[in-house]
Amino acid sequence: MGEFVVTSEREAKLRFHSRRYQRQGSLVSYDVTLEGHRFSATARVGNSELGTSPVVLFNEMVAEPSGWEGEKSWAALDGEMSMVAITDSLGHVNLEVNLDPRDGPPEWYVRLTMVPEVGSLEQLAAEAGAFFGQQEVRR
């Protein structure tokens, strides 16, 4: 799988793409692009073996399809990307995505709150697992 895309009811997109590997085959980094009404921002995200991939967050959301209390979150080890998910009383998910690239000037920061399409979380978790090479979807 070359990329996977999270789409929003508000016409926003979060694309994971352009994976880079070490000679041994382990994933070193990937690009993330946020697209919204009249803007697009891309950041390179490191995939440290000491950290976790976004698959963890998607699996946590799938495990509680009726919603959850508080926040579920994930962040890249070096802080260049983070995501926070909350649900409302009806179980709708709000996913806040933050890009804060650290690879040189000029400095910029993007925050976008998305509402993933209802019923798409299980498919997103599977696609995230395929993209990051982690096939298991936990329930």
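The values are calculated or read from the model by the stated rules, or taken from the named source; none is laboratory data. Because the structure is a prediction, the values reported are computed rather than measured. FYI the Cβ positions are ideal-geometry reconstructions off the backbone, even for glycines, and counts take in every protein chain you see. The accessibility values were calculated without ligands, DNA or RNA, using every heavy atom of the protein model including side chains. Shrake-Rupley method; radii C 1.70, N 1.55, O 1.52, S 1.80 Å.
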Just name the residue that is modelled with the lowest pLDDT out of those in segment 118-133 that are over 15 Å from F16 (Cα atoms), assigned to a loop (DSSP other than H, G, I, E, B) and open to solvent by less than 90 Å² (accessible area, probe 1.4 Å). G119
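Here is a yes/no grid of residues against (1) in contact with a Gly (Cβ under 9 Å, 6 or more places away or on another chain); (2) within 19 Å of M1 (Cα to Cα); (3) aromatic (F, W, Y):
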position: F39; (1), (2), (3): no, no, yes
position: P54; (1), (2), (3): no, yes, no
position: G70; (1), (2), (3): no, no, no
position: W74; (1), (2), (3): no, no, yes
position: D78; (1), (2), (3): yes, no, no
position: V93; (1), (2), (3): yes, no, no
position: L99; (1), (2), (3): no, no, no
position: W108; (1), (2), (3): no, no, yes
State all residues of segment 76-85 that are farther than 11 Å from V97 by Cβ and touching a strand residue (DSSP E or B) at 6+ places or on another chain (Cβ under 8 Å); if no residue qualifies, say none. A76, L77, D78, E80
Any chance M114 is open to solvent by less than 80 Å² (accessible area, probe 1.4 Å) and either in contact with a Cys (Cβ under 8 Å, 6 or more places away or on another chain) or over 16 Å from H17 (Cβ atoms) (or both): yes
Scanning segment 1-29 for residues that are in contact with a Ser or Thr (Cβ under 6 Å, 6 or more places away or on another chain) and in contact (Cβ under 8 Å) with a residue 12 or more places away in the chain gives K13, R15
May I ask you to list the residues in segment 61-100 that are farther than 14 Å from S120 by Cα, open to solvent by 70 Å² or more (accessible area, probe 1.4 Å) and of a type outside the set (A, V, I, L, M, F, W, C)? E69, E71, S73, D78, S89
Filter segment 1-54 down to the residues that are under 14 Å from the mean Cα position of the chain (by Cα), among the aromatic types (F, W, Y) and open to solvent by 10 Å² or more (accessible area, probe 1.4 Å) and list them by number. none
Looking at E96, E71 in this structure, which one is modelled with pLDDT of 95 or more, under 15 Å from V115 (Cα atoms), over 12 Å from the mean Cα position of the chain (by Cα) and not aliphatic (A, V, I, L, M)? E71
